[in-house]
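One structure coming up, written as structure tokens, with questions to follow.
The values are calculated or read from the model by the stated rules, or taken from the named source; none is laboratory data. Fair warning: this is a prediction, and the values are worked out from it, not measured in the lab. Cβ atoms come from the backbone with ideal geometry, glycine included; neighbour counts cover every protein chain shown.
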Amino acid sequence: MAARANGGYQVVIGLEVHAQLLTESKMFCACSSRYADAPPNTVVCPICLGMPGVLPVINEQAVEMTILTGLALNCRIPSHAKFDRKNYAYPDLMKWYQISQYDLPFCVGGHLDVTVDGINRRLGITRVHLEEDTARMIHGRDETGEDYSLLDVNRSGAPLMEIVSEPDMKTAAEAREYLMSLRNILVYLDVSTANMQEGAFRCDANISVWPRDGEIGNSKVEVKNMNSFRSVYRALEFEEERQIAVWESGEGPPEQETRGWHEASGTTVSQRTKEYAHDYRYFAEPDLPPLVLDKAWVDDIAARMPELPSVLETRLIETVGIRADDARQLINNRELLRYFEKATAGYGDPQRVANWITRDLVKALGDAGASPSESPVGPGDLIELLKLEDSNRVSGKMARDIFRTMFETGRSAADIVAQQGEQITDQDEIRQAVRKAIQENPKAVADFQAGKTQAAGFLVGQVMRATRGRANPARVNELIAAELG
Amino acid sequence: MLDPEVVEHVSQLARLTLSDEEKDKMRVELSKTLEHFRALSELDTSALPPTAQVIPIENNMREDAVGDCLPKDDVLANAPRTRGDYIRVPAVLKAF
């Protein structure tokens, strides 16, 4: 374990991610797993309601999605797997046990390679297993002042994949990079939306801090309730500082416990003492026969592996030839990447398209709160605009203004240009406008001739205004210099 | 004989409130049950493959297809209390 340069402490971070799978139906019953917009308690059957005497049956698609994920994370797929009961009493768990996997998960011993600050890190994946989600709870107080908790059972029994990392991360930045890479993999595998805000990708973090000159112990703090990459980063940074302070006050090691991230105050708050694994009294789920994961089946799943984001990113940089930061931005947003791929399909300058997407399109989408697939300017529309600029019918400045008009009105570039006119490149026409500007602005001319070169910029502005932005900026500059020179 | 603390711990996990008499009784009965399993575990099973299931079935899975759910009124029918369309339970601290 390498030490961290923060004055004598090393940080150990491991992450547990729960990802909801994009199956049609739930994990062990035929209720829809697309319940997000359904009214409470309407996507429920006796199985996911946890009634006695029901018989759960394994959703094959969920198993295959989990194995596919494990393969993408370089895991070994054991020959046998089974489900187990994890027993604990909490109202969101209808049966008071959760069907999960204990000692024979679907995937074990993988890794995920990430690059943080230019340093390559191989982060271990302990296991990937499958379990069922719990009911959603709402907490409140009624008219008489009595506190209550409410249950919406729709989420109960939805397939949930858990990905457990080795405690290999040493900084909050590494943890964030691991999470973003993992999120991208799940998205590109089409196994999960991996949307953190919507709860489809939930992260719990284990973090401990140890003096560099001592042993690394077993106790750790589990941090929960982080619902964005940013909050994971902030929570881990906070927790690192807090635990260092515990050591500094002579009270180390910090107590093993669960702490909740509190976004508003930017702190973690103690929740309860950590329950030890044996408290869950795992035993084999008697209702579900074990699974044999034979080679033919696993090979068949492996054959469906799409191009993984890390491979795609390398291809964008090395083969397509765009800048690394643009490639990363496109990879992190698959819709944006699809937009880019469609746009570049019929256009020879990918970097130029990337510039437009990461600059103008992303800004316009952000302002409008829209996703790339909702963009009023489609990939073909953008290319039409770029071609107008390539043929000098509009200037670069005009193109950016036209883009905004296209985005706001949904009109085509050709239509807008037909109305407001093409770029003026005609020498005589521009010269005329330049002379007029010189005539009307003797003070600026005098300033220029007195050595204030920035006065030329004022004259350029006047010419652009008179031509409604259509004059070719390079020509205007040349001609002003020529006329005043 | 089981430690009283173990009985206490197990009853807490099961959310059972036991009287002192019941705890003493459980201590005796649970110890006997455990003794039976201890006897079973003395068997030499090293030549047997691990068994997670007694039913000789493997890979029993279903196709990922959506079927019918229960009407909401049926879902809520067994709930001791409801509020709106939700099952109402005693307040739990969010932090457990």
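Quick check: is even one residue across region A:79-97 at pLDDT 95 or above and within 30 Å of the chain's Cα centre (by Cα)?
No; the residues of region A:79-97 include none that is at pLDDT 95 or above and within 30 Å of the chain's Cα centre (by Cα).
Turning to a different aspect of this structure: What do you reckon, is B:Arg83 in contact with a Phe, Trp or Tyr (Cβ under 8 Å, 6 or more places away or on another chain) and farther than 30 Å from A:Phe83 by Cα?
Here the answer is yes, as B:Arg83 does meet what is asked.
May I ask you to verify whether B:Lys72 is touching a residue at least 12 places away in the same chain (Cβ under 8 Å) and within 9 Å of another protein chain (Cβ to nearest Cβ)?
Spelling it out, B:Lys72 is indeed touching a residue at least 12 places away in the same chain (Cβ under 8 Å) and within 9 Å of another protein chain (Cβ to nearest Cβ).
Looking at A:Gly346, A:Gly396, A:Gly369, A:Gly321, which is the one that is out of contact with any helix residue (DSSP H, G or I) (no Cβ under 8 Å at 6 or more places or on another chain) and not assigned by TED's automatic domain parsing to the domain that holds A:Tyr188?
The conditions single out A:Gly369.
Which one of A:Leu336, A:Leu312 is within 18 Å of A:Arg359 (Cα to Cα) and either in contact (Cβ under 8 Å) with a residue 60 or more places away in the chain or among the hydrophobic types (A, V, I, L, M, F, W, C) (or both)?
Being within 18 Å of A:Arg359 (Cα to Cα) and either in contact (Cβ under 8 Å) with a residue 60 or more places away in the chain or among the hydrophobic types (A, V, I, L, M, F, W, C) (or both) holds for just one of A:Leu336, A:Leu312, which is A:Leu336.
Follow-up question, since we're still on this one. Being on the phi > 0 side of the Ramachandran plot, at the interface with chain A (Cβ under 9 Å from one of its Cβ atoms) and of a type outside the set (Val, Ile, Thr) is the requirement here; does B:Gly84 meet it?
yes
Working carefully through the options B:Asp24, B:Asp44, find the one that is part of a helix (DSSP H, G or I), away from chain A (no Cβ under 14 Å), loosely packed, with under 15 Cβ neighbours inside 10 Å and of a type outside the set (Gly, Ala, Ser).
Result: B:Asp24 is the single residue among B:Asp24, B:Asp44 that is part of a helix (DSSP H, G or I), away from chain A (no Cβ under 14 Å), loosely packed, with under 15 Cβ neighbours inside 10 Å and of a type outside the set (Gly, Ala, Ser).
Quick one: A:Thr268 ticks every box in (1) in contact with a His (Cβ under 9 Å, 6 or more places away or on another chain); (2) in a strand (DSSP E or B); (3) more than 27 Å from A:Arg183 (Cα to Cα) except a single one, so which number is it?
Going through (1) in contact with a His (Cβ under 9 Å, 6 or more places away or on another chain); (2) in a strand (DSSP E or B); (3) more than 27 Å from A:Arg183 (Cα to Cα) one by one, A:Thr268 breaks only (3).
Within region A:349-377, how many residues turn out to be under 22 Å from the mean Cα position of the chain (by Cα), outside any helix (DSSP H, G or I) and within 25 Å of A:Ala418 (Cα to Cα)?
Qualifying residue count, region A:349-377: 1.
Quick check on this structure: which one of B:Asp85, B:Asp68 is out of contact with any helix residue (DSSP H, G or I) (no Cβ under 7 Å at 6 or more places or on another chain) and among the acidic types (Asp, Glu)?
B:Asp68
State all residues of region A:190-202 that are in contact (Cβ under 8 Å) with a residue 40 or more places away in the chain and surrounded by fewer than 21 Cβ atoms within 10 Å (Cβ to Cβ); if no residue qualifies, say none.
Of everything in region A:190-202, those that are in contact (Cβ under 8 Å) with a residue 40 or more places away in the chain and surrounded by fewer than 21 Cβ atoms within 10 Å (Cβ to Cβ) turn out to be A:Asp190, A:Thr193, A:Glu198, A:Gly199, A:Ala200, A:Arg202.
Right, another one. How many residues, within region B:6-21, are within 14 Å of chain A (Cβ to nearest Cβ) and not hydrophobic (A, V, I, L, M, F, W, C)?
6
Also: Do any helices (runs of 4 or more DSSP H) lying entirely in region A:280-337 carry at least 2 residues that are over 23 Å from the mean Cα position of the chain (by Cα), and which ones are they?
A:295-302
Ok, one more. What number goes with the only condition from (1) closer than 25 Å to B:Asn59 by Cβ; (2) surrounded by fewer than 15 Cβ atoms within 10 Å (Cβ to Cβ); (3) more than 11 Å from every other protein chain (Cβ to nearest Cβ) that A:Ile119 does not pass?
(1)
Assess whether A:Asp152 counts as being surrounded by fewer than 17 Cβ atoms within 10 Å (Cβ to Cβ), in contact (Cβ under 8 Å) with a residue 60 or more places away in the chain, within 14 Å of chain B (Cβ to nearest Cβ) and among the charged types (D, E, K, R).
no
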